[in-house]
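Scroll down for the structure; my scribbles are underneath it.
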Amino acid sequence: MRRAAAALAALLAAAAPGAHADDARGGRASAAAIQLVDALPAAPSVAERLAEIRRRIQAALVYPGAARRRGLEGVTRVQFEIGAGGRADRIAVVRSSGHALLDRAARESVVAAGVLPRVYGRLQVPVQFALEDD
């Protein structure tokens with residue numbers, strides 16, 4: 001393990017600006033000559049991923065025509081996990097809107113949202129049903 005770490009340090013030192021030629025031949029690289037750079041972009045935070053999940057579910061929502069005609073509104077809270085393929089799994093209503101039509105549409109919107117950003121654990125997301133005034 002030490003040999004691999006020393007070889008990596010030598011390679012990094014040789015590639016670093018201002019590195020000395022003897023650093024690449026196995027000599028000890030000075031700490032100032034080694035610059036580590038993260039090659040991967042910063043990932044979205046958990047809060048950003050949760051906001052994106054909520055946005056995608058709400059965007060996939062199809063307001064049932066019968067509920068619209070009856071003037072039904074409300075918020076259904078759904079719970080689910082994101083499976084290995086990135087799709088919602090084990091979808092359940094944990095708080096009803098009070099209307100079965102809306103609750104069913106909320107569950108369907110979670111499925112219709114498609115592949116979601118990865119977040120581990122059981123998530124609870126509100127799905128809003130609001131009739132807009134024309």
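The values are calculated or read from the model by the stated rules, or taken from the named source; none is laboratory data. Treat the numbers as computed from the prediction; the structure is a model and nothing was measured. Note that each Cβ is placed from the backbone with ideal geometry, even for glycine, and that neighbours are counted across all protein chains shown.
The table for this structure:
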{"item": "Breaking point among (1) touching a strand residue (DSSP E or B) at 6+ places or on another chain (Cβ under 9 Å); (2) at pLDDT below 95, for Gly85", "result": "(1)"}
{"item": "Criterion violated by Ala84 - all others in (1) surrounded by 14 or more Cβ atoms within 10 Å (Cβ to Cβ); (2) in a loop (DSSP other than H, G, I, E, B); (3) free of Cβ contacts under 8 Å to residues at least 24 places away in the same chain satisfied", "result": "(1)"}
{"item": "Matching residues, segment 96-132, being surrounded by 19 or more Cβ atoms within 10 Å (Cβ to Cβ) and assigned to a helix (DSSP H, G or I)", "result": "Leu102, Asp103, Ala105, Ala106, Ser109, Val110"}
